[in-house]
Each structure stands twice: as structure tokens, then as C-alpha cells.
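Written below as C-alpha cells is the structure these notes are about.
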Amino acid sequence: MGILGKIFTWWDGATIGTSLWSSMNGEHVGTDAQGNTYFRAKKAKTVEGYEKRWVIYHGANDASRVPAEWHGWLHHSYDAVPESHLPAPRIWEVDYTPNATGTAMAYRPQGALERGGRRAPATGDYEAWTPDA
């Protein structure tokens, strides 16, 4: 992506203006496994008195790409940086997979139009509703 892309495309990473503002007014706090970078304001506070916190996505701007521990930090559930108190990964935890809704990789149940629109015939356990006249 060229310089024009960085000026005008807000949906794929940060624009030049956001990057400049973040470097001048923010303090880099950390980076997650996906490359998203997290910032906190050097001086500014919110109306409630909390420090301002934000994320600059590495790639597409999709809120589902923020891991749970960083989501908690962004929303002031705790003040410490998540990397300083992460629990050991559990054996049943799986790696992140992006939200596939609206893409070719989205889940299509049996009978969906995208899968040919055919479904298994009813097995007799369904009784159609008819309104009482």
C-alpha cells in the first residue's frame, strides 16, 4: 500500500494522521501476538477520570482481533499491562481464528443456498403449526 493508501484508508491499519497523533500524544504500552499495538495517553483523561487507551490494528480493523486480556486492559478492567500477569495457556485453548462472517470461509449449514439449498428430509418429529380459526 502506497502513501495515498496510508492517508485515506482507515479500515486497514492506521492512517498517517492516527500514527502521528499516537506517537506524539500516546505512550506505546505493548503489542499482542497478532501485531496490534496498544497505547495510553501521556496526559489526557476521560470524563470519568480514566486514562485514554486505544489500539492500532495490524491489518484489517476488526474488534474481534483484540485478545481477551487486552480487551480487559482497554476497558479498564485492570490497570497492569496484560503481558505482566498472563496465566499459562491451558491445553484446551486454541489459537485465534478471525471472524469469517461474510467471507467464503463462513459456516454454511446443511440446506444453505450457498451449499445447493438441499437439506435432509424431515424425520417425522416436526409438526407444522396451524392457527386456530
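Laboratory data are not the source of any read-out in this text; all were calculated from the coordinates shown. Given the structure is predicted, the values throughout are model-derived calculations rather than measurements. Heads up, the Cβs are rebuilt from the backbone with ideal geometry, glycines too, and the neighbour counts pull from every protein chain shown.
What to note about this one:
- Stokes-Einstein D in µm²/s, Kirkwood radius over Cα pairs - region 60-126 at 37 °C with 0.692 mPa s viscosity: 203
- In loop segments of region 83-133 as defined by DSSP, the trypsin sites (Lys or Arg not before Pro) with at most 12 further C-beta atoms inside 10 Å of their C-beta are ARG90, ARG118, ARG119.
- Amide H contacts of VAL29 (H built 1.01 Å from N, under 5 Å, at least 5 apart or other chain): TYR38, PHE39, ARG40
- Placing dummy labels 7 Å off each Cα toward the beta-carbon, the span from TYR107 to GLU83 is 3.3 nm.
- Zone of TYR96's modelled label, taken as backbone nitrogen in region 43-58 under 17 Å from a point 7 Å along Cα→Cβ: 54-58
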